[in-house]
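All of the numbers you see were taken from the coordinates with simple rules; none came from a lab. Treat the numbers as computed from the prediction; the structure is a model and nothing was measured. Ideal geometry is used to build each Cβ from the backbone, glycine not excepted, and the neighbour counts take in all protein chains shown.
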Amino acid sequence: MPREKVFSAAIERISILDENGKFDAKLGRNVIPLEDAVALYEHMFICREYDAIAFKLQRSGHMGTYPQNWGQEATSTGAAYAMEDRDWFVSAYRENAGMFWRGLPMEYILWHWMGDERGNRIPDGLRMLPISVPIGTQMLHACGLAWAGKYRGDGSAAVTFFGDGATSEGDFHEAMNFATTLELPVVFFCQNNGWAISTPRRRNVGGETVAQRGLAYGAHCVQVDGNDIYAVVKVVREALERARNDFKVTFIEGVTYRMGDHTTADDARRYRDSAEREEWAKRDPLARLRTHLEESGAWDTAKQEALEARAREHVSGVVERAEGIEKPAAADIFNYTFAQPPETLIEQRETMRTNSLSLRDAVRSE
Ligand SMILES: Cc1ncc(C[n+]2csc(CCOP(=O)(O)OP(=O)(O)O)c2C)c(N)n1
Ligand SMILES: [Mg+2]
């Protein structure tokens, strides 16, 4: 019996605008028109300002916790730019910029982290799910949405985002298996930011790439420089074509870096070498795009100063709207999970309503 190769594969890495500002004109042709690149830069800059302000809101007691998105703006913004309105955007919690690009008002994410369920009530017409904090569950939701789209024949696809750590969850493997065997129009976008809280990528995922985890399922797997918005747009666009036209699943590993702590409940200085962070600061997705725009004659200091002022003004308006919302009714906690709540929850809601006054009186009289 001869030995024969029954399977072989390679993982390609795509980069168009490298960290030294070198632009691959051949690969980068027609990926993003210059005026759109300016709009994307402005958007990511405003999102970074938003992120910094959200962090301060938490520190000053206005919010329970907050996971900074700092440094990872190009992944979700690039993906959102490549998507169509009919596609589903199904994310974890480091994709704020992509959600905002697709039209989610910025106050929604502040409400979410302020513990207000209204932040999870995505406005009608926007094809996205609320952010997922349980690690990995959203990938299965994306499969369900993609399956529904395929069944209806509406040409939609779902793009789901998750971290490097999430690829060690059972949900990831179940979702990949589901998507590839049922041939669903799903794109799996892993934001490999180097860390899962204090666990480094190498302790969490064996092998050279995270992308190769998708090979066992028969997905098309690719690695992309996640801090290069041109490369991200290109791979997501290709993945969506593969999904829509051939029902072929793509697993994208976007290599990026978490510039902040895991969340405001964490202090990364306790486990992370500052030299590593400094190396990644040089690969910043915004700085890289700005240099490219300046070299292309589309950006200058005056425009930058105007943008900085606009970003500050925009974000303070968002904070005002987020904090200005009327207080939610206590019974609202029952209202955002089920379209038709089960009997038991209806009973609890009613009991809470009818007993709340007497309970308060009981506490006072003690
Ligand atoms: C099901 C589940 N298990 C554990 C946690 C606690 N937890 C929160 S974030 C996190 C690490 C996630 O790492 P990664 O997937 O790389 O995403 P990142 O935070 O780096 O974006 C863990 C274990 C959780 N939220 N949900
Ligand atoms: Mg991670």
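Just how many % of Cα pairs in region 213-292 lie over 17 Å apart, if you round to the nearest whole percent? When every Cα pair of region 213-292 is considered, 60 percent fall beyond 17 Å.
For Tyr151 and Arg237, a Förster radius of 22 Å and the Cβ-Cβ distance give a FRET efficiency of 0.35, rounded to the nearest 0.05.
Between the alpha-carbon centres of region 24-50 and region 259-335 there is a gap of 16 Å. Modelled spin labels at Leu345 and Arg29, positioned 7 Å past Cα toward Cβ, are 5.4 nm from each other. Once the mean of 1/r is taken over each pair of separate Cα atoms and inverted, the chain shows a Kirkwood hydrodynamic radius of 21.9 Å. Projected onto their three principal axes, the Cα atoms of region 149-221 cover extents of 43, 21, 18 Å, largest first.
Which of the GluC sites (Glu not before Pro) found in region 66-149 are loop residues per DSSP with 16 or fewer other Cβ atoms within 10 Å of their Cβ? In loop regions of region 66-149 (DSSP not H, G, I, E or B), the sparsely surrounded GluC sites (Glu not before Pro) are Glu84.
Rg and Dmax of region 1-95, based on Cα coordinates, read 19.5, 71 Å. For Arg118 and Arg312, the FRET efficiency from 1/(1 + (r/R0)^6), where r spans their Cβ atoms and R0 equals 30 Å, is about 0.75.
Between Asp300 and Arg269, full extension at 0.36 nm per residue minus the direct alpha carbon distance yields a gain of 7.7 nm.
Only lysine pairs 8 or more places apart, or on different chains, with alpha-carbon atoms under 23 angstrom apart are counted in the chain, and they number 9. Given the DSSP H assignment, sum -39500 (n - 2.57) over each helix run of at least 4 residues in the chain and divide by its residue total; what's the result at 222 nm in deg cm²/dmol, nearest 500? Per the formula, -14500 deg cm²/dmol.
In a DSSP loop and with at most 11 other Cβ atoms within 10 Å, the GluC sites (Glu not before Pro) in region 171-278 are Glu208.
Using only the C-alpha atoms, the convex hull of region 58-110 corresponds to 77 Å³ per residue. In terms of overall dimensions, the C-alpha atoms belonging to region 255-295 reach 39, 20, 16 Å along their principal axes, ordered largest to smallest. For region 279-352, the list of GluC sites (Glu not before Pro) that fall in a loop by DSSP and count at most 16 other C-beta atoms within 10 angstrom reads Glu326.
To the nearest 0.05, how large is the calculated FRET efficiency for Arg59 and Ser8 if R₀ is 45 Å and r is the Cβ-Cβ distance? For Arg59 and Ser8, the calculated efficiency is 0.30.
Magnitude of the charge dipole for the chain, about its Cα centre and with charges confined to Cβ atoms of Lys, Arg (+1) and Asp, Glu (-1), is about 560 debye.
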